[in-house]
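Here the structure comes first, spelled out in structure tokens, and everything after it is commentary.
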Ligand SMILES: *[C@@H]1O[C@H](CO)[C@@H](O)[C@H](O)[C@H]1NC(C)=O
């Protein structure tokens, strides 16, 4: 009797072991299948961050391609408006990148012109009183890194962009409200219409120098920085220049029709001076 009971107990113990072992085996097989399908992955490159933290992916990506000068402060995106479509990227450039762009352009600044809609030639203008220069697309590895970042953020390929234009506005200098898209045949031959603009602020401005969208369809006084705006800045949705920040706005709607709410200008600088860099992007490839 005792013996029977003992062996039954033994058998029970044995079956517990085997069922635990087979469950572990099953679990291993399931995990292997899942990781094979890419549904489950081992935390190989975690660096202590969660897989949903996109900023860490961006950091890893920008470190791995060797570019990027200096250290960028905390990345953050702010939606400014849907009419026009406008987004603010905090700390898009590092301080070193801003200084690099200014120093490259500084010795070559020329009085800014506007494009003549009949001939496509540049001409002097009273509506635009800044000075500026173009930096050839892909000029060096630091420019290439910035241009790649612009493509990543805007989802527009590097090849659709014009060369970066660095601009300098001194006290009293401005750019009156205008569209970045063209209303003529000539200027859309290369790359088609301009679709988006990414404007990078390379310096802070003590007073004035805001980017203003006078036709924005929103409550313009609801921005938290309303009280810091100049008189000109209060004429529309306005953004104060801050070193390293970037403004992305679209001149076309998602169906590629022109968006007149993208009307924008640069308010006169009242105190300090303003440095910025602009990337114009076209619907198609822009040949340089
Ligand atoms: C616009 O925003 C301001 C500040 O938030 C608020 O005081 C005002 O009532 C708003 N105006 C309208 C028309 O919603």
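The values are calculated or read from the model by the stated rules, or taken from the named source; none is laboratory data. On a predicted model such as this, the values are computed, not experimentally measured, just so you know. Cβ coordinates were reconstructed from backbone atoms using ideal geometry, including for glycine residues, and neighbour counts include every protein chain displayed.
Here are the numbers for the structure shown:
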| item | result |
| --- | --- |
| Residue within segment 237-247 that is more than 18 Å from residue 101 (Cα to Cα), in contact (Cβ under 8 Å) with a residue 12 or more places away in the chain, within 16 Å of the ligand (Cβ to nearest atom) and out of contact with any helix residue (DSSP H, G or I) (no Cβ under 6 Å at 6 or more places or on another chain) present | yes |
| Residue check, residue 277 surrounded by fewer than 15 Cβ atoms within 10 Å (Cβ to Cβ) and either within 16 Å of the ligand (Cβ to nearest atom) or assigned by TED's automatic domain parsing to the domain that holds residue 156 (or both) | no |
| Output for segment 216-236, where each listed residue is without any contact (Cβ under 8 Å) to a residue 60 or more places away in the chain and surrounded by fewer than 17 Cβ atoms within 10 Å (Cβ to Cβ) | 219, 221, 222, 224, 225, 226, 227, 228, 231, 234 |
| Check on residue 192, in contact with a strand residue (DSSP E or B) (Cβ under 9 Å, 6 or more places away or on another chain) and within 16 Å of the ligand (Cβ to nearest atom) | no |
| Check on residue 252, more than 16 Å from the ligand (Cβ to nearest atom), in the same structural domain as residue 143 (by TED's automatic domain parsing) and free of Cβ contacts under 8 Å to residues at least 40 places away in the same chain | no |
| Hits in segment 207-235 - residues which are under 19 Å from residue 269 (Cβ atoms), within 15 Å of the ligand (Cβ to nearest atom) and part of a loop (DSSP other than H, G, I, E, B) | 225, 229 |
| Strands (runs of 3 or more DSSP E) completely within segment 109-205 that count 1 or more residues being in contact with a helix residue (DSSP H, G or I) (Cβ under 7 Å, 6 or more places away or on another chain) and surrounded by fewer than 20 Cβ atoms within 10 Å (Cβ to Cβ) | 131-135 |
| Failed item, numbered, when residue 285 is tested on (1) in a loop (DSSP other than H, G, I, E, B); (2) modelled with pLDDT of 95 or more; (3) out of contact with any helix residue (DSSP H, G or I) (no Cβ under 6 Å at 6 or more places or on another chain) | (3) |
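Here is a yes/no grid of residues against (1) farther than 23 Å from residue 118 by Cα; (2) touching a strand residue (DSSP E or B) at 6+ places or on another chain (Cβ under 9 Å):
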residue	(1), (2)
172	yes, yes
181	no, yes
217	yes, yes
223	yes, yes
227	yes, no
254	yes, yes
257	no, no
276	yes, yes
